[in-house]
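*Asks:* Please read through the structure below; I'll follow up with questions.
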Amino acid sequence: QDGGGSSRTGGGAMARQCTMSRCGSSADGQLRVGDEIPDFTAYTTVGKINFSSWARGSWTVLFSHPAAFTPVCTTEIGWLAKMQPYLKERGFKVAGHCCSTVADQKLWTRDVEAHFNEEFRIRFPMIGDDTREVAIALGMIDPNLKSSQDLPVTSRTVFIVGPDVRLKALMCYPDFVGRNLAELKRVCDALVLCEQHPVATPASWPENHADFYVNGRCMEGAVFLLPALSLEQATMLYPDHVELEVPEQRCNMRLVQCTFQRRRPLARSLGGCLSGCLGMFRWSALGDSSSAENRLPAVIAAQPPHRTPANARLVNFWGDEIKQPASGMQRFTELYTRSRDGHLRHGDVVPDFTAGTTEGRMAFHRWISDRWLVFATSSRAYSPVSTTEIGTLALMYDKFAAKGVNIAVLCPDELDEIKRWKTHIEDHFERCARVLFPLIEDPEQKVAAKFGIVDAGLRHEAAQMTPRTVFIIGPDQTLRFTMTYPETVGFDVREIFRVCDALQLTVRESVATPANWPNNHSELTDEQGQSMKSSVFLLSTITRQDQKEFFPHSIDLPVPSRRNYMRLTQIEARGRLPACEDCISYSQLARSAER
């Protein structure tokens with residue numbers, strides 16, 4: 001294992017389009033936050049690159065998507081291209097990746113640019129991976145399934161890579177749910193801020209603590225000083241920080257407001273910061289970020305708070321049931337093949353376990369039966385970031401429950417300690433949030449190892465960091481969504497809720513949500529002049545016959561390639577199709593509400 005210096009490349013001739021070598025900290029071959037990204041050489045739309053050489057020394061967004069000439073990918077790559085100047089100002093390089101040839105991607109970029117009215121040109125490299133070698137090396141595809149040229153489908157994965165070419169954050173969306181570029185921007189900002197300062201961002205940063213005032217000063221956007229920063233160092237570097245009361249002095253919850261540095265050297269670790277870079281940190285503004293903000297598309301810079309669209313709510317269906325299209329979601333999900341190498345991927349049935357929780361003993365599979373589930377993991381008890389994440393989930397518990405979505409949090413602590421922490425969380429939120437969902441004990445991290453959160457062979461090592469992961473699991477007990485962030489970057493619970501909305505809509509209606517849904521296509525109108533905001537795409541598997549029968553008002557958006565894959569439609573608030581078997585039914589929701 002290299003310490004982050006030179007990368008290792010595999011020997012031998014190039015296998016078609018790329019060559020690979022695995023490297024990283026995990027002993028089981030699974031790529032996790034903190035591991036070095038496997039090196040590869042590949043052909044792209046701008047020429048051949050060696051990824052480690054190209055990425056080293058700067059932040060990198062590796063934006064993977066399933067294929068060229070697909071509707072959701074078209075909107076995602078377009079918005080990424082619009083956001084690239086902002087990311088460049090923040091010190092990020094951008095690369096795309098999909099399992100299509102370079103030639104196809106070059107043709108497809110014309111469609112992307114045309115769909116956005118030629119507002120930009122795609123200038124970042126798009127990696128061609130029709131051999132799936134890169135996808136396998138990055139863990140998106142089981143290597144045992146490589147020979148299946150039509151199977152399986154890769155997920156929409158974002159790898160955020162640090163200047164040391166190590167994975168810093170991971171987002172995995174299903175093929176039929178478009179990513180939210182505002183969340184990508186938020187996480188990139190948080191990672192850079194945490195690299196420049198010894199801080200950690202709370203849940204939903206930078207819109208956290210909006211109602212919290214100290215001496216008349218609003219603490220919205222404040223961040224936590226890391227516990228490793230001593231009282232003397234905190235007082236010297238951040239004299240205006242705020243110390244929050246905690247029970248039994250079990251942790252330091254110190255809030256501070258700080259800004260981005262502009263073009264300063266990045267600190268490699270907290271220890272390096274404190275030993276050699278103390279002069280870098282000051283309370284006052286360290287640089288004007290307005291130039292970067294000005295480069296950000298308005299829909300991302302000022303995205304309104306997420307509200308569940310009427311067409312994404314669980315609804316009751318009256319009258320005769322309308323059959324699902326044969327080419328709809330059931331056919332589409334057949335493109336996902338369950339993994340055979342022991343790694344958990346989208347479409348796989350999640351592991352079962354039995355454990356103690358704050359709500360009693362739990363048999364996991366039995367408990368989640370017929371329900372959607374947000375299954376999150378936390379850092380150690382009293383961690384400031386996890387405290388805000390669990391508290392924010394508690395604040396939104398009723399909204400999740402109204403959609404038939406359960407919540408559970410896996411904690412690497414003993415149950416008695418978790419129960420004390422639960423009281424502290426509710427106190428931190430001034431008893432406005434009651435933690436009514438189970439907090440699960442996992443002191444030996446056996447459950448975490450089952451879910452691939454930690455390496456089973458390394459779970460007893462005290463020094464092993466535990467990145468926090470959010471899984472969204474379907475009523476059929478299969479994995480639908482994953483995001484993994486480092487301990488210093490809090491989740492945005494609103495994005496989790498948005499994905500739940502999108503998943504329920506897409507599964508129920510056999511559609512796919514574009515990038516930034518439901519704030520997409522706000523300037524587009526149909527032939528009757530009706531706004532197409534919050535519209536969705538037909539799945540690629542939907543046949544023309546099913547399109548006419550089930551989506552008679554859909555429109556085909558023209559593209560230069562003249563391929564009819566941009567099929568857009570609106571879903572009525574009451575729903576166009578009946579609830580599918582994998583989606584919680586209205587009657588089930590009503591019964592659970594009565595209980």
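The values are calculated or read from the model by the stated rules, or taken from the named source; none is laboratory data. This is a predicted model, so every value here is computed, not measured. Neighbour counts are summed over all protein chains in view; Cβ atoms, including those assigned to glycine, are modelled from backbone coordinates with ideal geometry. Ligands, DNA and RNA are stripped out before the accessible areas are found, and what is left, the full protein with its side chains, is counted by its heavy atoms. Shrake-Rupley method; radii C 1.70, N 1.55, O 1.52, S 1.80 Å.
*Asks:* At a 1.4 Å probe radius, carbon and sulfur cover how many percent of the accessible area of the stretch 471-511? Write down the numbers at each step before the final one.
*Replies:* Numbers: 250 of 460 Å².
Taking all protein chains in place, the stretch 471-511 shows 55 percent carbon and sulfur surface.
*Asks:* By how many nm would the segment from ARG380 to THR354 grow when fully extended, if each residue of separation counts as 0.36 nm and the alpha-carbon distance is taken off? Write out the running numbers ahead of the final one.
*Replies:* Details: separation 26, 0.36 × 26 = 9.36 nm, distance 2.03 nm.
Stretched out fully, the ARG380 to THR354 stretch lengthens by 7.3 nm.
*Asks:* Suppose we keep just the DSSP beta bridges with both residues in the stretch 410-543; what percent of those would be antiparallel, to 5?
*Replies:* Numbers: 9 of 11 bridges.
The answer is about 80 percent antiparallel.
*Asks:* So with the 1.4 Å probe, I'd like the accessible area per residue for the stretch 420-539, rounded to whole Å². Write out the running numbers ahead of the final one.
*Replies:* On the way: 3980 Å² over 120 residues.
Each residue of the stretch 420-539 exposes 33 Å² on average to a 1.4 Å probe.
*Asks:* Give, as a single signed number, the net charge of other residues whose beta carbon lies under 13 Å from the beta carbon of ALA228, with Lys and Arg counted +1 and Asp and Glu -1. Walk me through the intermediate numbers first.
*Replies:* Numbers: positive: ARG254; negative: GLU232, GLU487.
Charge balance near ALA228 sits at -1.
*Asks:* Moving on to the next point. For the stretch 60-121, divide the Cα radius of gyration by the Kirkwood radius and give the resulting Rg/Rh value with two decimals.
*Replies:* Taking Rh as the inverse mean 1/r over Cα pairs, Rg/Rh reads 0.95.
*Asks:* How would LEU225, LEU415 line up by accessible area, probe 1.4 Å, largest first? List each step's numbers first, then the result.
*Replies:* Working: LEU225 0, LEU415 35 Å².
Listed by decreasing accessible area, they come as LEU415, LEU225.
*Asks:* Another question, if that's okay. Taking 30 Å as R0, compute the FRET efficiency from the Cβ-Cβ separation of ARG544 and ALA114 and round it to 0.05.
*Replies:* 0.85
*Asks:* For ASN144 and ASP341 in one chain, what is 0.36 nm times their gap in residues minus the Cα-Cα distance, to one decimal in nm? Before the final figure, lay out the partial values.
*Replies:* Working: separation 197, 0.36 × 197 = 70.92 nm, distance 0.73 nm.
Roughly 70.2 nm would be gained on extension.
*Asks:* For GLY360, what charge total do you get from the other residues with a beta carbon under 13 Å from its beta carbon, if Lys and Arg give +1 and Asp and Glu give -1? It would help to have the intermediate numbers written out before the result.
*Replies:* Details: positive: ARG361, ARG366, LYS419; negative: GLU359, GLU441.
In short, +1.
*Asks:* While we're looking at this one, here's another question. Would you work out if the stretch 339-474 is rounded, prolate or oblate? Take a ≥ b ≥ c from the square roots of the eigenvalues of the alpha-carbon gyration tensor; rounded if a/c is under 1.5, else prolate when a/b is larger than b/c, oblate otherwise. Spell out each step's value before the answer.
*Replies:* Values: a/c = 1.83, a/b = 1.20, b/c = 1.53.
Verdict is oblate for the stretch 339-474.
*Asks:* Looking only at the stretch 371-395, which residues have a backbone nitrogen under 20 Å from a spot 7 Å from the Cα of GLU417 in the C-beta direction?
*Replies:* Counting backbone N atoms under 20 Å from the label point, the list is 376-391.
*Asks:* In whole percent, how big is the carbon plus sulfur part of the accessible area of the stretch 341-401, probe 1.4 Å, protein atoms only? All intermediate terms of the calculation are to be shown ahead of the outcome.
*Replies:* Details: 1010 of 2180 Å².
Accessible surface attributable to carbon and sulfur in the stretch 341-401 totals 46 percent.
*Asks:* Can you give the Rg/Rh ratio of the stretch 401-545, where Rg is from the C-alpha atoms and Rh is the Kirkwood radius?
*Replies:* Working: Rg = 19.9 Å, Rh = 18.6 Å.
Ratio of gyration radius to Kirkwood radius for the stretch 401-545: 1.07.
*Asks:* Now for a different question. Please list, in order, the residues from the stretch 399-424 whose amide nitrogen is less than 18 Å from a point placed 7 Å along the Cα→Cβ vector of GLU207.
*Replies:* In the stretch 399-424, the label zone of GLU207 (backbone N under 18 Å from the point 7 Å along Cα→Cβ) covers 399-400.
*Asks:* Taking only protein heavy atoms into account and a 1.4 Å probe, give the accessible area per residue of the stretch 109-222 in Å².
*Replies:* Result: 30 Å² per residue.
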